[in-house]
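Q: Below is one structure. I have some questions about it.
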Amino acid sequence: MSSEPAADGQRRTARGRLPADLTSFVGRRAELAALARLLGSSRLVTVTGPGGVGKTRLALRAAAAAAGRSFPDGVRLAEIGPVQDGLLLGHAVLEALELTDSTARPPLDVLVEQLSDRRMLLVMDGCEHLVDACAELVDVLLRGAPGLRVLATSRQSLRVDGEHLLPLAPLPVDCPDGRRPDAVRLFADRAAAVVPGFELTAENREDVAVLCRRLDGIPLAVELAAGRLRALSVEQIAIRLDDRFRLLTGGARTAPPRHQTLRTTIGWSHELCSPQERLLWARLSVFSGGFDLEAAEYVCAGEGLDPESMTDLLADLVDKSVVLRLDAGDTVRFRMLDTLREYGAHWLASAGEEQRLLRRHRDWYLGVATWGEVEWFGPRQAETAERTRLAHSNLRAALEFCLAEPGEEQQALVLAGTLWFYWVGSGHIGEGRHWLDRALALAPEPTGARAKALWVTGYMATLQGDLTGAAPALEECRRQALETGDDRALAYAVHRQGCAALIADDPVRAGELFEEALWHYNALGEMNSNVLMAMFELGLAHLFQGDAETGAAWIERVREICEEHGEQWAYAYGLYAYAHARWTTGELRQARTYARECVRLNHRFRDLLGIVLGMELLAVLETEGPEADLVEARVLQGAAHRIWQGVGTPFFGSRSFNGPHREGAERARSGLTEDEFEEAFARGAALDLDSAVRRALGGGEFPPSRPFDTDGRPPDPCPVEPSPVPAL
């Protein structure tokens, strides 16, 4: 029996027999198990996915494993890809099954007759270009041959009654447990076949990982890239990936034409789309990462795409494996693999629509940021943080567009400044400064957008402990506000100058500035999370001066307003102040309760600064009382040290904020050996964020965050009766 090699790593065997493997099969353990379960319970299973993702290889591997056990009459392969005329489909399947009939009967009738009493698995590979004809044939065969099961591969579903889908994703490009990702393993295996002796080393491992990420883990793309090692290094291949469709050519000569280059593989999917689907594909290329239906409708509809048809068109692209459907809680999101996105971007540029679509994309995500800033003050803060996190990659793309496009600099200032709540509240202070610094350098005009960008920059620089960078930005904002009569910018500038003074260990001056800022806020009728933070910080300024009564009064005022508005982020910082105050007065149980709730709430937002402040307090509390655990205290200090590295200068460089850490370290050092002291710290520094938070909370899973008790008070009632808060 004749056979021939093929690019998918198998040897083609004549007349429908399953081919033998020529190359190793890498990964897909979970997918093989899922496919085996489906074949055991379903009569029609279709493996779907984008071109080059490995549908054929997976299906044939699963079919070979099932051949001897469940199908006494065998497993046969019908390759549908080479069949271009739907009228010849029945003849092709007859040939694959080695069935002959010389009568004038339709081939479908012959198939039903011949298969009616057989227990067989039929693999139909590559159905997408004849999907209607394949669906009709499969439907008739399954109804007429009860012992037959069909395993199909297709870039879109057949939509036949009883069909079960197995969507196939690319190979993993990252492994959280430290194992080598399957995409990297595949590259290394195929590279060794091209360059004898090739292996992953400390020098090339990261380059290979980056390469596989940029190729989305698509097996065909990874194999084509490995083939380029005949002439290029891994690093050179990665550099040339900006034109991946020109680079990734040269598949095996015996491969189906659509699999010999990446361009033709994706182009095959493009040809199967209707004109409107192709137009939507091109327009969706402006999205970076995931997007939802509402974003797609706003950005892409109109100018040839009926808004009413968007849902159906998007569903059709999902069905054709051009767009991936992502489950995200109660909503459905979508994304395109970068390889398909770049193909669409080429067509978008060719149509002359790129700038218009990029501007619409920017407008949508400016709206996301603006609405997020509004909703940040209220009961939907956690949802706002999550929605903004999901939009993060698109917000980056929108910012990059504004900074690269002449005339859009002011919009860059607006967008970067509006996102202050996300930069600060969700642990992205460093990135926020990056965007703001770039925008401020491009737009020196004294506009309202620049004023806001200046105080946000000064705010974030202060939180990083960079007072040298904060001072000029805040002073320029204050000076511009006075010159232009911008009272709102003046309030924010003075407020953030107060933060800088607090961190510079001048609580008296800080208190004066906070009071001035609160006067301006009150005159403006301003009430939001920033105003609450000014109150909290004023309370801290009094606490640091030893005035616990006035400090408690301001912090209690924060609690009351948070209760009224359902605000949780500023409340979490108020919990830090409660905990700090209780620690200084020796009320350890209450202090620990407040500090843990501070950590828990801030972890919900991924606010690194709030987490680490609470964790430092928990560390020093571990050194207190009859049940003190000095080793655990030092472990928590090590974990906090790692988090500080993602924030900026530890404790902002402030003696006041550093007090709990310094005292805890001194106690731990006095009670531990030097080796115990250092080893416990190193153990904590090795913890990732979630593990560190779990440890700080006492182990176990994260319980639901509880910002208020039923009466809106902190989890443990405050035993100190605060004095009346001064009128604002």
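The values are calculated or read from the model by the stated rules, or taken from the named source; none is laboratory data. Keep in mind that what you see is a predicted model, and the values were worked out from it rather than measured. As a convention, Cβ positions derive from the backbone with ideal geometry for all residues, glycine included, and neighbour counts pool all protein chains shown. In case anyone asks, the SASA skips ligands and DNA or RNA and just uses the protein heavy atoms, side chains included. Shrake-Rupley method; radii C 1.70, N 1.55, O 1.52, S 1.80 Å.
Q: Of Ala78, Leu137, Val173, which is farthest on the positive side of the dipole of the range 75-180, counting Cα position, with +1 on Lys and Arg Cβ, -1 on Asp and Glu Cβ, and the Cα centre as origin?
A: Value: Val173.
Q: Tell me, what is the 1.4 Å probe accessible area of Cys499, in Å² to the nearest 10?
A: Per-residue accessible area (Cys499): approximately 10 Å².
Q: With the other protein chains left in place, how much accessible area per residue, in square angstrom, belongs to the chain at a 1.4 angstrom probe?
A: Result: 42 Å² of accessible area for each residue.
Q: Given Cβ point charges of +1 (Lys, Arg) and -1 (Asp, Glu) and nothing else, what value in debye, to the nearest 20, does the dipole of the chain about its Cα centre take?
A: Approximately 2700 debye in magnitude.
Q: Nothing charged except the Cβ atoms of Lys and Arg (+1) and of Asp and Glu (-1): what's the magnitude of the dipole of the range 520-622 about its Cα centre? Round to the nearest 20 debye. Can you show the working numbers first?
A: Numbers: 9 positive and 14 negative charges, 82 e Å.
That gives a dipole near 400 debye.
Q: Which listed residue (Leu440, Leu357, Ile237) has the Cα farthest towards the positive end of the charge dipole for the chain, taking +1 on Lys and Arg C-beta and -1 on Asp and Glu C-beta about the Cα centre?
A: After comparing all options, I get Ile237.
Q: Between Ala404, Leu348, Gly197, whose Cα lies farthest towards the positive end of the dipole of the chain when Lys and Arg beta carbons carry +1 and Asp and Glu beta carbons carry -1, centred on the Cα centre?
A: Checking the options against the dipole of the chain, the answer is Gly197.
Q: Another one. Sort 146-158, 590-602, 426-438 by the packing proxy (mean of other Cβ within 10 Å over each peptide's residues), most packed first.
A: On the way: 146-158: 22.8, 590-602: 24.5, 426-438: 20.5.
Descending mean neighbour count gives 590-602, 146-158, 426-438.
Q: Cα centroids of the range 23-89 and the range 444-474: how far apart, whole angstrom?
A: Measuring centre to centre over Cα atoms gives 59 Å.
Q: Mind checking the dipole of the range 445-585: about its Cα centre, +1 per Lys or Arg Cβ, -1 per Asp or Glu Cβ, Debye to the nearest 20?
A: Numbers: 10 positive and 21 negative charges, 52 e Å.
The calculated dipole for the range 445-585 is roughly 260 debye.
Q: How much length would be gained if the chain were fully extended between Asp487 and Ala349, taking 0.36 nm per residue of separation minus their Cα-Cα distance, in nm to one decimal?
A: Fully extending the segment from Asp487 to Ala349 adds 45.2 nm.
Q: Given the whole protein assembly as supplied and a 1.4 Å probe, what does the accessible area of Thr550 come to in Å², nearest 10?
A: Answer for Thr550: close to 40 Å² accessible.
Q: At 222 nm, what value in deg cm²/dmol follows for the chain if DSSP H runs of at least 4 each add -39500 (n - 2.57) and the sum is divided by all its residues, to the nearest 500?
A: Dividing the helical sum by the residues of the chain leaves -19000 deg cm²/dmol.
Q: Run the paramagnetic zone check for Thr468: 7 angstrom along Cα to Cβ, then residues of the range 480-502 with backbone nitrogen under 11 Å.
A: none
Q: Shifting gears a bit: I'd like the projected area of the chain, averaged over all directions, using the convex hull of its alpha carbons. Report it in nm² with one decimal.
A: Values: hull surface 152.1 nm².
Average of the hull's projected areas for the chain equals 38.0 nm².
Q: Would you rank Asp327, Asp505 by solvent-accessible area, highest first, keeping every protein chain in place and using a 1.4 Å probe?
A: Highest to lowest solvent-accessible surface, that is Asp327, Asp505.
Q: How many angstrom lie between the Cα centre of the range 643-676 and the Cα centre of the range 475-516?
A: Between the Cα centre of the range 643-676 and that of the range 475-516, the gap is 29 Å.
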